[in-house]
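Reading through the C-alpha cells given below for one structure.
Quick note: the coordinates plus some simple rules give every number you see, no bench work behind them. These numbers come from a predicted model, not from an experiment. Cβ placement follows ideal geometry from the backbone for every residue including glycine, while neighbour counts extend to all protein chains displayed.
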Amino acid sequence: MRFKENTMSRLLIALLLLLPAAAFARDWQVDAAKSALTFKGTYQNEGFDGRFKKFDATIAYDAADPSKSKFDVTIDLTSVDTGSGERDDTLATTDFFDTAKTPKAHFVTESFAKNGDAIEAKGNLTIRNRTKPVTLAVKFAETGNTATLDVDTTLKRADFDLGNGSDWADIGAEVPVHGHLVLTAK
C-alpha cells in the first residue's frame, strides 16, 4: 500500500511541475542587429521606405495557444530613417511625431486570435499621446531556441494626427508597417 501511495504522490508532483510550463508563453530576446521595424510612405505620389533604427520589444509567444502571448514594443521616434535628412527632420516636427514632446511610440497587445491558419494580434498603439486600436497580422516560425516573428499592419496617419494640415495633402493617408524580429529563447 505504501508503494502505491509513494508512486501516486510522485506522479502528482510531476504533473504539477509540468503545469506552469504549459500555462505560460515562452519569453524571447530580440536580436536588434538582425531585426527591423519598417514602413512605406508616399509623398507627391512617389514612394519611399523608412525604418526606426531603435526599438525595444518584450515578446512572449505561445504558438500552440496564442491567447497566452504578449507583445510590448517601444519605438524611439527620434531614430526614424527614410534616407532623406530633410524628410527625417520634418517627421520630427510638431506636424508629425513632435519628438521634442513625444519621442517614443508604444504598442502593447490586448488579445490574440486564430483565424484559420492566420494569427491576429489586437492591441493599442500610442503615438503623440493618441492611443488607437491596431490589429497585426502575425507570422511566427520557431526552430528550437530561435524564431522569427513577422508582423504587418496598415496605419492611418490621421488617426495619430500626423501631417493633418493642408500643407501635407500630398502625403499618403495610409502607411503600411512591417516588423521582422529575429528571436532567441530566454
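Please compute the contact order of region 25-185 in relative form: average sequence separation of alpha-carbon pairs under 8 Å and at least six residues apart, divided by the residue count, as a percent.
Answer for region 25-185 is 26 percent.
Could you give the length gained by full extension between K114 and A60, i.e. 0.36 nm per residue of separation minus their alpha carbon distance, to one decimal place?
Stretched fully, the K114-A60 segment lengthens by 17.8 nm.
What do the square roots of 5 times the Cα gyration tensor eigenvalues come to for the chain, in whole Å, largest first, as semi-axes of the equivalent ellipsoid?
43, 15, 14
Find, among the trypsin sites (Lys or Arg not before Pro) in region 65-151, those assigned to loop by DSSP (not H, G, I, E, B) with at most 14 other beta-carbon atoms within 10 angstrom.
Listed in order of number, the matching sites are K101.
For the pair E142 and A158, how long in nm is the line joining their label points, each one 7 Å along Cα→Cβ?
4.2
In the Gaussian network model of the chain, springs joining C-alpha atoms below 10 Å, which of G172, G144, G123 carries the largest mean-square fluctuation?
Ranking G172, G144, G123 by mean-square fluctuation puts G144 first.
Please give the contour-minus-distance gain from K132 to T78: 0.36 nm per residue of separation, less the Cα-Cα distance, rounded to one decimal in nm.
17.4 nm
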